[in-house]
Each structure stands twice: as structure tokens, then as C-alpha cells.
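A.B. asks: Quick one: this structure, given as C-alpha cells, is what I'll be asking you about.
The values are calculated or read from the model by the stated rules, or taken from the named source; none is laboratory data. All figures in this text were calculated on a predicted structure; none of them were measured in a lab. Because the Cβ atoms are built from the backbone with ideal geometry, glycine has one as well, and the counts that use them run over all protein chains shown.
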Amino acid sequence: MENGTNKVVLSGFAGADAEVKNLSGKQKLAKVRLAVNDYHKNASGEAVKNTQWFTLTFWNANADFAEKQIKKGTYINIEGKLVNNFYEAKDGSKRYSIEIVVSGVSTKETEVN
């Protein structure tokens, strides 16, 4: 049986400083919201900006990098994979979220793989 490919490559701006948590077992987790701007022309020929927001998850060495290097407005290049999370909300409804687990990250000066 062949495996599929789950790979995401994005470039954009951090919406805020990395949110970092130290977990048990010496693991570190960082979360960053990434804004990716896309431009197109509307029917009148005017340029329209559309911003997509993505939740990035960084683990361990990548979380260390995020903590030190990613601040609000930092331009980031990432590579990772999509992960679907399913959970039950407080009201009992079923919800899901999609995040990107980062395997490689760089800013203009620094890179971690």
C-alpha cells in the first residue's frame, strides 16, 4: 500500500509573539498564528487583499526557535503537515480544528529543521 503526502509550505507574518508552554518530560510546545495575504482583482479591477490565518504548532527544538525568534510581525517560512483535531465543546457539540505541525522553520536570518 502506498502512503499519501501531507506537506504544507507557507510564508507569512506572525500575528503575535509565540505562546510557549513547558510540558512534563522536558517537552516544549509553542503556538503561533500565521497571517498569509493573498491578492486578487475584483470585477472593477481593484486589488483586494484576502488574509488567511493558520495555527502553527512547534515542538521542542522548533519551539525553542519560535520562542527566541518569532515575535509579532516576524516574517516566517514554514514547512510542516496538517493535523485535524476533533473535540467536544462545553455545550456538547462536536468541533474540529486544523493546525500545522511545523517540521522546519526559518525567518530571514535563521533556519531550523
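A.B. asks: Which one of GLU79, GLU67 is in a strand (DSSP E or B) and either at pLDDT below 95 or closer than 22 Å to LYS108 by Cβ (or both)? Working first, answer last.
C.D. replies: On the way: GLU67 fails: in a strand (DSSP E or B).
So the residue among GLU79, GLU67 that is in a strand (DSSP E or B) and either at pLDDT below 95 or closer than 22 Å to LYS108 by Cβ (or both) is GLU79.
A.B. asks: Among the residues of region 82-109, write down those that are under 13 Å from SER11 (Cβ atoms) and either in contact (Cβ under 8 Å) with a residue 40 or more places away in the chain or part of a strand (DSSP E or B) (or both). Talk me through it step by step, then tell me what you get.
C.D. replies: Looking only at region 82-109, we keep the residues that are under 13 Å from SER11 (Cβ atoms), and these are 100, 102, 104-108.
Within region 82-109, ILE100, VAL102, GLY104, VAL105, SER106 meet the criteria.
A.B. asks: Which of the following residues is at pLDDT 95 or above and of a type in the set (Ser, Thr, Tyr): THR107, THR57? Break it down into steps so the answer makes sense when it comes.
C.D. replies: On the way: THR107 fails: at pLDDT 95 or above.
Being at pLDDT 95 or above and of a type in the set (Ser, Thr, Tyr) holds for just one of THR107, THR57, which is THR57.
A.B. asks: I'd like to check something: does region 29-45 contain any residue that is of a type in the set (Lys, Arg), surrounded by 12 or more Cβ atoms within 10 Å (Cβ to Cβ) and outside any loop (DSSP other than H, G, I, E, B)?
C.D. replies: Applying the first criterion (of a type in the set (Lys, Arg)) to region 29-45 yields 31, 33, 41.
Right, trim to surrounded by 12 or more Cβ atoms within 10 Å (Cβ to Cβ) and you get 31, 33.
Filter once more, keeping what is outside any loop (DSSP other than H, G, I, E, B): 31, 33.
Yes: one or more hits.
A.B. asks: A follow-up question, please. Restricting to region 29-66, what's the tally of residues that are within 16 Å of VAL83 (Cβ to Cβ) and hydroxyl-bearing (Ser, Thr, Tyr)?
C.D. replies: Going through region 29-66 one residue at a time, the tally reaches 2.
A.B. asks: While we're on this one: How many residues are of a type in the set (Ser, Thr, Tyr) and either in contact with a Cys (Cβ under 8 Å, 6 or more places away or on another chain) or under 15 Å from SER106 (Cα atoms) (or both) when one looks only at region 24-64?
C.D. replies: Taking region 24-64 and keeping what is of a type in the set (Ser, Thr, Tyr), we get 24, 39, 44, 51, 55, 57.
Adding the requirement that they be either in contact with a Cys (Cβ under 8 Å, 6 or more places away or on another chain) or under 15 Å from SER106 (Cα atoms) (or both) leaves 57.
The number of residues fulfilling the criteria is 1.
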